[in-house]
1. Could you check how many residues of the range 201-219 are within 18 Å of Phe238 (Cβ to Cβ) and either open to solvent by less than 10 Å² (accessible area, probe 1.4 Å) or touching a strand residue (DSSP E or B) at 6+ places or on another chain (Cβ under 7 Å) (or both)?
2. Condition test on Gly75, is it at pLDDT below 95 and assigned to a loop (DSSP other than H, G, I, E, B)?
3. Among the residues of the range 137-150, are any farther than 24 Å from Ala38 by Cα and aromatic (Phe, Trp, Tyr)?
4. Filter the range 150-171 down to residues that are part of a loop (DSSP other than H, G, I, E, B) and over 16 Å from Gln245 (Cβ atoms) and give me whichever is least open to solvent (accessible area, probe 1.4 Å).
5. Can you go through Gly47, Gly55 and tell me which one is within 20 Å of Leu170 (Cα to Cα), within 10 Å of the chain's Cα centre (by Cα), touching a residue at least 60 places away in the same chain (Cβ under 8 Å) and outside any strand (DSSP E or B)?
6. Could you tell me which of the residues Ala112, Ala134, Ala76, Ala138 is open to solvent by less than 10 Å² (accessible area, probe 1.4 Å) and in contact with a helix residue (DSSP H, G or I) (Cβ under 8 Å, 6 or more places away or on another chain)?
7. Taking the range 52-66 as the search range and keeping residues that are under 13 Å from Leu125 (Cβ atoms) and touching a strand residue (DSSP E or B) at 6+ places or on another chain (Cβ under 8 Å), which one is surrounded by the fewest Cβ atoms within 10 Å (Cβ to Cβ)?
8. Among the residues of the range 81-100, write down those that are surrounded by 19 or more Cβ atoms within 10 Å (Cβ to Cβ) and within 22 Å of Gly43 (Cβ to Cβ).
Amino acid sequence: MALLGLVLVGLFSLGSPVYASTDGWINAHATFYGGGDASGTMGGACGYGNLYSQGYGTNTAALSTALFNSGLSCGACFEIRCVNDQKWCLPSSIVVTATNFCPPNNALPNNAGGWCNPPLHHFDLSQPVFQQIAQYKAGIVPVAYRRVPCRKRGGIRFTINGHSYFNLVLITNVGGAGDVHAVSIKGSRTNWQPMSRNWGQNWQSNSYLNGQSLSFKVTTSDGRTMVSYNVAPAGWSFGQTFNGQQFP
């Protein structure tokens, strides 16, 4: 990831402190990966798999360690604009969803290839969305970003994977804050039970829930909770996806 722009080392002070402006914008840098069709962005550390079929499209980003929060930032939305570089910046801004992790490269210095090293705030964007805010040849550009509400079509999606006594539920298409920080599950014959986060936005329960309708309680980073009752009917099977309620 983020291999372009090595020739631009002298143009940026990537080791400078991150600061927020009075209007909520925070300084960072951005690169791109995944090719012109963004096919290389599929999968990723959030567990979303095919970003097209999941509804995220190409408006996606891999976050540096300082932003990724060990996966808890998966699903968060950011508005990003290119700043302070008249040669390469374009005037528009973009809104992206965090879908992947940009790993650090400790073998390279922060200002010469180690763009995602701590404590840098860095976005590795899909190539198509990068080219909406900067020219391709730039490779790496200074940006300003801020958190914004996620606007998603349809309800929160629950994909049930795993097997009996290991229910692994992938949670996608979350509106509002977007990043899920707590989940509970309830079978039609059980009480509410907290789920543990396995990786990315995959949440697990070790209860036996086969043959029961399932309800979910989803809490995002802003503390809001959305409850979706009886999302999955009693006859659900592993591998199926169900739509629940959505944050307004």
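The values are calculated or read from the model by the stated rules, or taken from the named source; none is laboratory data. As the structure is a computational prediction, the values presented were derived from the model and not from experiment. Neighbour counts run over all protein chains shown; Cβ positions are idealised from the backbone, glycine included. Note: areas computed on protein heavy atoms with side chains; ligands, DNA, RNA excluded. Shrake-Rupley method; radii C 1.70, N 1.55, O 1.52, S 1.80 Å.
1. Selection size over the range 201-219: 13.
2. It is false that Gly75 is at pLDDT below 95 and assigned to a loop (DSSP other than H, G, I, E, B).
3. Checking the range 137-150: not a single residue is farther than 24 Å from Ala38 by Cα and aromatic (Phe, Trp, Tyr).
4. The residue in question is Ser164.
5. Exactly one residue qualifies, and that residue is Gly47.
6. Among Ala112, Ala134, Ala76, Ala138, only Ala138 is open to solvent by less than 10 Å² (accessible area, probe 1.4 Å) and in contact with a helix residue (DSSP H, G or I) (Cβ under 8 Å, 6 or more places away or on another chain).
7. Asn59
8. If the condition is that a residue be surrounded by 19 or more Cβ atoms within 10 Å (Cβ to Cβ) and within 22 Å of Gly43 (Cβ to Cβ), then Ile94, Val96, Thr97, Ala98, Thr99, Asn100 are the ones that fit.
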